[in-house]
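Each remark here refers to the structure printed beneath this line.
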Amino acid sequence: MTQWFSIFFPAWKLFDRPGDSYRIFVQTSDSSPHFEWAELIRPPRRRKWREIFFNPNDLHWLYFHSLMNELSLRITEKSFEEAQLFFQQALEAHLCFLFEIESPKNLKILLRTEDGQMTHQFISDIDPARPEKWHLRKIPPLNKQEPQ
Amino acid sequence: MKILLQEVFLCLFLGAQFLQTCEWLTLLKRVPWSLPPRHTGVQKNWPLFLTLIKIPLIMLALIFLRSQLLGVILGLLLALELYSCKWVRVPLNGASSGFNLLIYICVFFAKLFPDSENFFYFYIILQVVLSYFIAGIVKVRHEGWRSGVFLESFLQMKAYAADFPKKVVQRISFRQLSWILLLFELSFPLVIVQPKLFFIYLPAAAAFHAINFKVLGLNRFFWIWISTYPLLISYFVT
């Protein structure tokens, strides 16, 4: 009901304040012997005018960031577990594409807000051998080996 | 003239839908959308199939723009748009997807109840004006916007990978840029009082959305808002 109300009567709080922006770190079993965290960074890019017609790259990135915000919200609110898993798995799938991670086995993902106030960590659920086979797994507690 | 402008609005809106659908198809192609139904309530491959259907429907809507059939086609497109919320789950390009849905609903009802067509079109116009004005009100209340800090923060957010020419900031401060934006948004309703101002405000608004695309990559905002401008002209200028 609230969603319908917000569609018919939009609040128009467009860019009212900067929301949480996340830094993304990943750790894979084969990335280094010390299992160091690597930050995934999207460099700024010059957009071409023709992309005003067709711009799936930015759409994908914005969708990816929306997923991060939603997942963070679900984890913070400790809401319905299945919904949380949906966002986690969707996030992992898109992350692997955007950062060209071919083998997501044993992939650990850590999201941290720019100000360092909030950190979420989880292990990938994607089986690279059978990407169509998604399975549920409990989200583990925070790893102590966090990035600086 | 009014009918012609309403048709231009519909063409632009449907064109925007076509571009958005093509973008979304690219995303579906990139990442397999194969979550089990118990997660999403959506069967495997349905997202791709239902998104593909939208292309011929948009074409049909453009062909039958002046026909009674348009209402039926728009109804189908609206149903597909609503159903897609089930698996997309989060807004695409933020407020643009919500406004997109609102326009769909208004246009569908305008075709369903032709006698009340003006009311539904006027509601779209009202929301366009409010989208600028309320956004301005909400911003001006924050010290961060008045000082220019928030604008700078948005440009540094990783989600946008903003491409902002540094030369601009060397000549004009973020505080000044913020106030240009705030004054533009807050004064937008003046166009209702003085319709001649449309010829200044609409190009300025189009330029504002174009800059938003260039810097932040928000091309959907550009097309959705631009598509409504013929409606504004039809009601206030003609």
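In a DSSP loop and with at most 10 other Cβ atoms within 10 Å, there are no chymotrypsin sites (Phe, Trp or Tyr not before Pro) in segment B:103-136.
In µm²/s, what is D for chain B at 4 °C and 1.567 mPa s, where D = kT/(6 pi eta Rh) by Stokes-Einstein and Rh is the Kirkwood radius from Cα pairs? Numbers along the way, then the final one.
Values: Rh = 19.6 Å.
The estimated diffusion coefficient comes to 66 µm²/s.
Highest GNM mean-square fluctuation, chain B, Cα pairs closer than 10 Å: which of B:195, B:56, B:47? Between B:195, B:56, B:47, it is B:56 that shows the largest mean-square fluctuation. Of all stretches in chain B that contain no trypsin sites (Lys or Arg not before Pro) in a DSSP loop with at most 13 other Cβ atoms within 10 Å, the longest one is B:142-238.
The distance between label points at residue B:167 and residue B:49 comes to 5.3 nm (points 7 Å beyond Cα on the Cα→Cβ vector).
Which whole DSSP H helices in chain B pass both tests: a Cα extent of 27 Å or more along the axis and a mean Kyte-Doolittle value no lower than 0.5? Don't skip to the end; give the middle numbers.
Numbers: long enough: B:2-30 (42 Å, 0.88); B:69-88 (28 Å, 1.82); B:117-140 (35 Å, 1.50).
The qualifying helices are B:2-30, B:69-88, B:117-140.
Any of A:13/B:139; B:2/B:54; A:48/B:54 with alpha carbons more than 18 Å apart? Name them for me. The pairs that break the limit, which is 18 Å between Cα atoms, are B:2/B:54; A:48/B:54. Among B:168, B:72, B:215, the largest mean-square fluctuation in a Gaussian network model of chain B, built with springs joining Cα atoms closer than 10 Å, belongs to B:168. Summarising the label geometry, the points placed 7 Å from Cα in the beta-carbon direction at residue B:116 and residue B:190 lie 3.6 nm from one another.
FYI, it's all coordinate maths here, none of it is from the lab. Since the structure is predicted, the reported quantities are computational estimates derived from the model, not experimental observations. Cβ sites come from the backbone with ideal geometry, for glycine too, and all protein chains shown count toward neighbours.
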